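See structure below.
Read-outs throughout are calculated quantities, based only on the coordinates presented, and are distinct from any laboratory measurement. Note that the structure is predicted; figures quoted are calculated from it, not measured. Ideal geometry is used to build each Cβ from the backbone, glycine not excepted, and the neighbour counts take in all protein chains shown.
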């Protein structure tokens with residue numbers, strides 16, 4: 001299950017189909033996508049979904065498809081990667097639709113590319129890979145102007161942002177580890193979650209710590225107004241006592257709980273992380289271990 005939101009509605013990809021929350025239940029927007037395995041979902045302001053996907057096998061394929069109101073249409077007919085192993089994320093915003101591709105070829109070499117849809121084809125930003133090697137799964141977001149901001153990790157964390165014509169590298173965050181997520185806040189400042197516990201924000205000159213959480217899976221989210229939230233789980237494997245919490249960052253006051261902890265049924269699977277999505281109406285989060293979605297209205 002993949003969650004997404006535009007400015008005023010929530011969506012999910014469930015069993016290949018994209019559904020919209022109507023205030024009481026999720027209702028179908030599309031038919032099931034059957035050309036590959038969905039990986040990421042983005043929805044533009046008009047409610048049009050964009051689904052990134054991959055397909056393993058003798059003829060490996062990787063792409064992005066959009067819904068035209070009656071059918072899924074592939075954006076570009078050329079695979080986004082010729083690698084034998086690759087993944088693609090997708091974001092859409094005021095500067096267009098972007099695909100974020102991590103490749104791993106048969107030699108084991110990794111690259112990370114960001115492509116922009118021109119209306120007829122995918123065009124790599126900067127003319128080549130952003131990072132080589134790319135390390136672990138890259139994290140990505142769009143800034144307040146709609147341009148990509150990406151974070152990769154191979155020991156230390158590398159953060160880069162596109163300014164409309166070129167990539168610029170930010171200083172290296174002080175915390176080393178695997179980057180888990182990246183967002184930008186109301187002032188267009190990148191915020192990264194690193195490892196299982198640490199959060200840092202770039203103030204324009206240097207990275208500042210926004211504290212740490214109990215070791216857990218964590219994902220950041222930022223609303224259309226830049227409000228900053230984090231979702232994480234905590235507990236002990238085998239005791240079925242896991243809880244999911246959502247916190248909001250308040251400048252000058254730190255992380256504050258949004259409601260009570262959410263009970264998680266059973267133990268989360270390895271790599272399972274509560275992923276929050278936000279819009280002007282509220283917040284939704286997928287709770288690990290139970291497959292349910294919980295919501296919070298503003």
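What FRET efficiency do you get for residue 156 and residue 188 if R0 is 22 Å and r is their Cβ-Cβ distance, rounded to the nearest 0.05? List each step's numbers first, then the result.
Working: r = 23 Å, r/R0 = 1.06.
That gives a FRET efficiency of 0.40.
Quick check: from the Cα gyration tensor, does the range 72-131 come out rounded (a/c under 1.5), prolate or oblate?
Numbers: a/c = 2.13, a/b = 1.57, b/c = 1.36.
It comes out prolate by the Cα gyration axes.
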Task: In range of the label at residue 34: residues from the range 1-23 whose backbone nitrogen is under 15 Å from the point 7 Å along Cα→Cβ - done: 15-18
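Once you keep just the Cα pairs under 8 angstrom separated by 6 or more residues, what percentage relative contact order results for the chain? Present the calculation step by step, with values, prior to reporting the outcome.
Numbers: 765 pairs, mean separation 27.8, N = 298.
Taking the mean separation of contacting Cα pairs over the length of the chain, I get 9 percent.
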Task: Pairwise label distance in nanometres, residue 82 with residue 109, each label 7 Å out on the Cα-Cβ vector - done: 1.2 nm
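Tell me whether the chain comes out rounded, prolate or oblate; compute the Cα gyration tensor, take square roots of the eigenvalues as a ≥ b ≥ c, and use a/c under 1.5 as the rounded threshold. Display every interim value, and only then the final one.
Numbers: a/c = 1.41, a/b = 1.14, b/c = 1.23.
Because its axes are fairly even, with a/c under 1.5, the chain counts as rounded.
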Task: Prolate/oblate/rounded label for the range 27-77 (Cα gyration tensor, a/c 1.5) - done: prolate
Task: Inter-probe distance in nm under a simple model that places probes 7 Å from Cα toward Cβ, at residue 206 and residue 55 - done: 5.2 nm
Open item on the list: Need the full-extension length gain, residue 7 to residue 261, defined as separation in residues times 0.36 nm minus the C-alpha distance. One decimal, nm.
Closed with: 88.8 nm
Task: FRET efficiency, residue 243 to residue 163 (Cβ-Cβ, R0 41 Å, nearest 0.05) - done: 0.50
